[in-house]
Structures are given as structure tokens and as C-alpha cells.
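Data first, discussion second: the structure below is written as C-alpha cells.
The values are calculated or read from the model by the stated rules, or taken from the named source; none is laboratory data. Not measured: the values here are computed from a predicted model. No Cβ is skipped: glycine too gets one built from the backbone with ideal geometry, and neighbour counts run over all protein chains shown.
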Amino acid sequence: MRTAVPLDDYRAMVGTEVGVSDWVLVDQARIDAFAEVTGDHQFIHVNPELAAQTPFGTTIAHGYLTLSLCSVFAYGAMPAVEGVKMGVNYGLNKVRFMAPVKSGKRVRGRFTLTDVTQRPDTAWQSTVAVTVEIEGETKPALAAEWLTLVYM
């Protein structure tokens, strides 16, 4: 269960790392399921024999699969704000796919709250720097600036 904090306490966290998620396995079954849902069946994701001949040496997760896991990571790592009726994704200011996630690797999200701003529609907009780390590797899979809205 996520920790819920008052809005003022959440706003005071700006500039700090607010959470690190548990590790999540990115196995071939997850990659194949993502390919099926999105229609992206490029061989580097779904064909182990052909992917073995690439510089990666194996299949790799879709970049958008890795990005989509940020929601899973956030539920386990980010504090919730007390009194929120609804929270939604608002978008991304920037995303960089920095290293491939090879099939069978585990990844996790690291979150730093960089801004919290009240909007005219009674929502609060959070800007969060997200880094997705790959277990045992020094280079992250991705870095993103993620925007979310919460309605009180």
C-alpha cells in the first residue's frame, strides 16, 4: 500500500528523490504480449534467432514497453496525495531511450519530484524526473520528464 501524504508535505518534496520501485522482470512473454497489443512485431523484439545476430545478441523490449512500466513503478514508489479524487497522466516533456532492455532483465523506476503547480481547473500538476534502471548495468534504459495531474 502506498503512503499517502498531505498536499503541503508532497509539495515540500520538490527537488528530492521520492521513491524507487521494486524490480520488474521484462521477459520474452511480456515483450511478445506488448508486440501483440501494439502490432509492433519488429524482429529485434520477437525473433530470438534473428535478434541473436544483432549487436544486442538477444531480443530487446520495445522502448514504449519500458516507458509504459513507469505507471507500475510509480504505484509502488511514489507517495500518494491525501484527498485526491482522481489522478491522470498528462504527458511527457521529454523521453530518451538510452540503453536497450534485453529479454530476461529486470528494471526499476527511480523518481525525483521536480515541480508541483496548481492549475486553474483545481488540478495539481506534478513534474517528475524518472529514470528506469536496468539491474546490473550502469547505463539506464530511459530518462523522462513525466507530467501527471491530480484532482482534489
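If I filter segment 95-106 for residues that are within 22 Å of Trp23 (Cα to Cα), assigned to a helix (DSSP H, G or I) and modelled with pLDDT of 95 or more, do I get at least one hit? So far as segment 95-106 goes, no, none of its residues is within 22 Å of Trp23 (Cα to Cα), assigned to a helix (DSSP H, G or I) and modelled with pLDDT of 95 or more.
Any chance segment 125-138 includes a residue that's over 17 Å from Met13 (Cβ atoms), touching a residue at least 40 places away in the same chain (Cβ under 8 Å) and either outside any loop (DSSP other than H, G, I, E, B) or not small (Gly, Ala, Ser) (or both)? Yes; the residues of segment 125-138 include at least one that is over 17 Å from Met13 (Cβ atoms), touching a residue at least 40 places away in the same chain (Cβ under 8 Å) and either outside any loop (DSSP other than H, G, I, E, B) or not small (Gly, Ala, Ser) (or both).
Residues of segment 32-80 that are under 25 Å from Thr148 (Cβ atoms) and assigned to a loop (DSSP other than H, G, I, E, B): Ala61, His62, Met78, Pro79. Identify, please: which residue in segment 1-32 is surrounded by fewer than 12 Cβ atoms within 10 Å (Cβ to Cβ) and not hydroxyl-bearing (Ser, Thr, Tyr) and is, among those, modelled with the lowest pLDDT? Among those that are surrounded by fewer than 12 Cβ atoms within 10 Å (Cβ to Cβ) and not hydroxyl-bearing (Ser, Thr, Tyr), it is Met1.
The set of residues in segment 6-41 that are small (Gly, Ala, Ser), out of contact with any helix residue (DSSP H, G or I) (no Cβ under 8 Å at 6 or more places or on another chain) and free of Cβ contacts under 8 Å to residues at least 60 places away in the same chain comprises Ala12, Ala29, Ala33, Gly39.
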